[in-house]
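All remarks here apply to the structure that follows.
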Amino acid sequence: MARNIQSVERAAAMLRLLAGGERRLGLSDIASSTGLAKGTAHGILRTLQQEGFVEQDDASGRYQLGAELLRLGTTYLDVHELRARALVWTDDLARSSGESVHLGVLHQQGVLIVHHVFRPDDSRQVLEIGAMQPLHSTALGKVLSAYDPVAHSEALEAERKPFTDRTVCEPEAFERILDLTRARGYAADVEETWEGVASIAAPIHDRRRMPVGAVGITGAVERLGRDGEVRPELIAAVRDCARAVSRDLGGGRF
């Protein structure tokens, strides 16, 4: 069995201590409660403070939980609420479209798949929850890049690799696609990431009217496309799903 890392265990114990009881604690209180020497406790607290997980009051010298922990916790809750709110609507979208459905959020200069509904048939499929998709070529990624300023910056700063002959990599051409995405309210990927595969996606907004994710369908080009364009009834289904999830998150209509 792998051994636990002692410094991480001690840091976790300090965070739990600061999370309960009094709002702020001094170094002596923390060292005493965790059974550590003051020097050891101070070193761990200093590292946590540098990472934003702990803050120190200038006047009293006491410690409290930092804003970075709040940000991480809010992100965790946002993603889980998003997935919970989307469960019914993504199932409906898979049934109505006959295609697989993906729910994605921005993560580390890419799209993290947080929910995946299989195509409703008997074909062999692989669960893709936890998989990453590129921002610049997928429908999910384009939607996030069009509506989320952080995703937009990351898509422009990251290397935009050509996955197929159709992948758009030039900054100016990519910006034009994002402008079109905002104007239409959806994005499409027709063999830009995978040969023979197309996808359609639309943005999801929360109660603050902020983009929190994207939902889309993925399938064979011959099923999603018609006369070189994605089928309008599938676009409408994806946008309706995104609106429904946004509404459940308090985001209203978009």
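Structure above, values below:
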{"read-out": "Residues that are surrounded by 22 or more Cβ atoms within 10 Å (Cβ to Cβ), of a type in the set (Ser, Thr, Tyr) and more than 15 Å from residue 191 (Cα to Cα), drawn from the range 129-162", "value": "145, 147"}
{"read-out": "Condition met for residue 195 (acidic (Asp, Glu) and assigned to a loop (DSSP other than H, G, I, E, B))", "value": "yes"}
{"read-out": "Residue match in the range 219-238 (condition: over 13 Å from residue 99 (Cα atoms) and in contact with a Pro (Cβ under 7 Å, 6 or more places away or on another chain))", "value": "no"}
{"read-out": "Helices (runs of 4 or more DSSP H) (entirely within the range 5-114) containing at least 2 residues that are open to solvent by less than 50 Å² (accessible area, probe 1.4 Å), within 30 Å of residue 218 (Cβ to Cβ) and not charged (D, E, K, R)", "value": "67-97"}
{"read-out": "Filtered residues of the range 206-223 (kept if open to solvent by less than 30 Å² (accessible area, probe 1.4 Å) and either within 16 Å of the chain's Cα centre (by Cα) or under 11 Å from residue 246 (Cβ atoms) (or both))", "value": "206, 211, 213, 214, 215, 216"}
{"read-out": "Considering residues of the range 224-239 that are part of a strand (DSSP E or B) and either open to solvent by 80 Å² or more (accessible area, probe 1.4 Å) or of a type in the set (Asp, Glu) (or both) only, the residue farthest from residue 191 (Cα to Cα)", "value": "226"}
{"read-out": "Number of the exception - residue 113 against (1) farther than 24 Å from residue 89 by Cβ; (2) in contact with a Gly (Cβ under 6 Å, 6 or more places away or on another chain)", "value": "(1)"}
{"read-out": "Search result, residues across the range 169-194 that are among the aliphatic types (A, V, I, L, M) and surrounded by 14 or more Cβ atoms within 10 Å (Cβ to Cβ)", "value": "177, 178, 180, 187, 188, 190"}
{"read-out": "Failed item, numbered, when residue 243 is tested on (1) under 28 Å from residue 161 (Cβ atoms); (2) buried (at least 17 other Cβ atoms within 10 Å of the Cβ)", "value": "(1)"}
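The rows are residues; the columns are (1) modelled with pLDDT under 90; (2) over 30 Å from residue 214 (Cβ atoms); (3) acidic (Asp, Glu).
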{"residue": "19", "(1), (2), (3)": "yes, yes, no"}
{"residue": "22", "(1), (2), (3)": "yes, yes, yes"}
{"residue": "27", "(1), (2), (3)": "no, yes, no"}
{"residue": "56", "(1), (2), (3)": "no, yes, no"}
{"residue": "62", "(1), (2), (3)": "no, yes, no"}
{"residue": "89", "(1), (2), (3)": "no, no, no"}
{"residue": "95", "(1), (2), (3)": "no, no, no"}
{"residue": "103", "(1), (2), (3)": "no, no, no"}
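Yes/no per residue for (1) in contact (Cβ under 8 Å) with a residue 12 or more places away in the chain; (2) closer than 24 Å to residue 91 by Cα:
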residue	(1), (2)
152	yes, no
162	no, no
168	yes, no
237	yes, yes
241	yes, yes
246	yes, yes
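The values are calculated or read from the model by the stated rules, or taken from the named source; none is laboratory data. Computed from a prediction, not measured in an experiment: that's the story for all the values here. Glycine also receives a Cβ, built like all others from the backbone with ideal geometry; neighbour counts cover every protein chain displayed. These accessible areas exclude ligands, DNA and RNA; they are computed on the full protein's heavy atoms, side chains included. Shrake-Rupley method; radii C 1.70, N 1.55, O 1.52, S 1.80 Å.
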